[in-house]
Amino acid sequence: MRKKLVAGNWKMHGSLRQNARLLDALVAGAGGMRCDIAVFVPCPYLAQAQRVLSGTPVAWGGQSVSEHDAGAFTGEVSAAMLGDFGCRYVLVGHSERRTLYGEGDDAIARKFAAARRVGLVPVLCVGETLAERRDGQTEAVVSRQLQAVVDHVGSAGLVGAVVAYEPVWAIGTGVTATPGEAQAVHAAIRARVALADAALAADLRIVYGGSVKPQNAAELFAQADIDGGLIGGAALVAGDFLAICQAASKLGTD
Ligand code: 13P
């Protein structure tokens, strides 16, 4: 049985003072939850996350990573650097990186591999735009995004990783995929991985992101192939994020 994961992507939000309040509240509320919990914080706050979250049930990670291990890459952060600050996870291929910063499938695959080289758990984000959905391209787009990674690291490279299905049209818009729409794509992703390795597919955690709120989390997480959530806006409000964790915890397995 797959343990649910609820992860907050803070994006470019926060300050030392705001984070201190938010992190303290998360630590206070996370005890006893029967799901994994993580936060993706902006890089300058990794030391703060490490200091406050070490030894608590809340893990942390970076929002992106360089495909390179070291070198003359101004502005980039390596996977080993994230590891130095205790990160367990790193987001790879978030749609904002794809669309705003031009990260393509191949670069994202190399970032995924860089994360794996140092033992970070990559959370590979995939998802279609509204135009692609209207065009009936959802599964094709998501499959292409996934396949680029498999081509680079092999299907064994997905072992222990996480896939986040984030339809671009549902991110920050307040429009959520219906539980049925999300489930259909999650099932398609799992079926695709199963073609290469059924056991791997059965264990792979596939989380949903896109306007997850306390009001819709329980129904989304109850779907057979939805193993938790990647939360944007609602992750900045401790009560909302913890309510979403609670929804996952109620469906938890241990
Ligand atoms: P929202 O929850 O704000 O829609 O953001 C989703 C997201 O992009 C998480 O990575």
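The values are calculated or read from the model by the stated rules, or taken from the named source; none is laboratory data. Computed from a predicted structure; not experimentally measured. Because the Cβ atoms are built from the backbone with ideal geometry, glycine has one as well, and the counts that use them run over all protein chains shown. Just so you know, the surface numbers come from the protein's heavy atoms only, side chains and all, with ligands and any DNA or RNA stripped out. Shrake-Rupley method; radii C 1.70, N 1.55, O 1.52, S 1.80 Å.
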Notebook entry, point to check: With all pairs of different alpha carbon atoms counted, what Kirkwood hydrodynamic radius in Å does the range 1-45 show?
Noted result: 11.7 Å
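How much of the accessible area of the range 148-187, in percent, comes from carbon and sulfur atoms when a 1.4 Å probe is used?
Here carbon and sulfur together make up 61 percent of the probe-accessible area.
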Note to self: Ignoring solvent entirely, what values of log10 I(q)/I(0) come out of the Debye formula for the range 139-178 at 0.15, 0.18, 0.22, 0.27 Å⁻¹ when each Cα is a single scatterer?
What the structure shows: -0.47, -0.62, -0.78, -0.93
Checklist line | Column: log10 I(q)/I(0), Debye, Cα scatterers of the range 81-185, q = 0.12 Å⁻¹ | finding: -0.41
Notebook entry, point to check: For the chain, with every protein chain kept in place, what is the accessible area per residue (1.4 Å probe, Å²)?
Noted result: 43 Å²
Note to self: Restricting to Cα atoms and excluding each atom paired with itself, what does the Kirkwood estimate give for the range 140-211 in Å?
What the structure shows: 12.7 Å
Notebook entry, point to check: Considering amide H positions built from the backbone, and no H for Pro or chain starts, which residues 5 or more places from G8, or on another chain, come under 5 Å of its amide H?
Noted result: A38, V39, F40, I231
Item checked: Extension reserve of the D24-M12 stretch, reckoned as 0.36 nm per residue once the Cα distance is removed -> 2.4 nm
Margin query: With a 1.4 Å probe and all protein chains kept in place, how do E96, E219 rank by accessible area, largest first?
Written below: E219, E96
Margin query: What are the ³J(HN,Hα) couplings of the range 53-70, residue after residue, when phi is run through the Karplus curve with 6.51, -1.76, 1.60 and θ = phi - 60°? Round to Hz, x for glycine and proline.
Written below: 9, 4, x, 10, x, 9, 8, 9, x, x, 9, 6, 7, 6, 7, 9, 7, 5
Checklist line | CD proxy at 222 nm, helix term only [per DSSP H run n ≥ 4: -39500 (n - 2.57); per residue of the chain; nearest 500] | finding: -13500 deg cm²/dmol
Checklist line | Lys, Arg +1 and Asp, Glu -1 on Cβ, resulting dipole of the chain about Cα centre, debye, nearest 20 | finding: 560 debye
Item checked: Separation between Cα centres of the range 113-142 and the range 156-178, rounded to whole Å -> 7 Å
Check: What shape does the chain take by its C-alpha gyration tensor, where a ≥ b ≥ c are the square roots of the eigenvalues and a/c under 1.5 counts as rounded, a/b above b/c as prolate, and the rest as oblate?
Finding: rounded
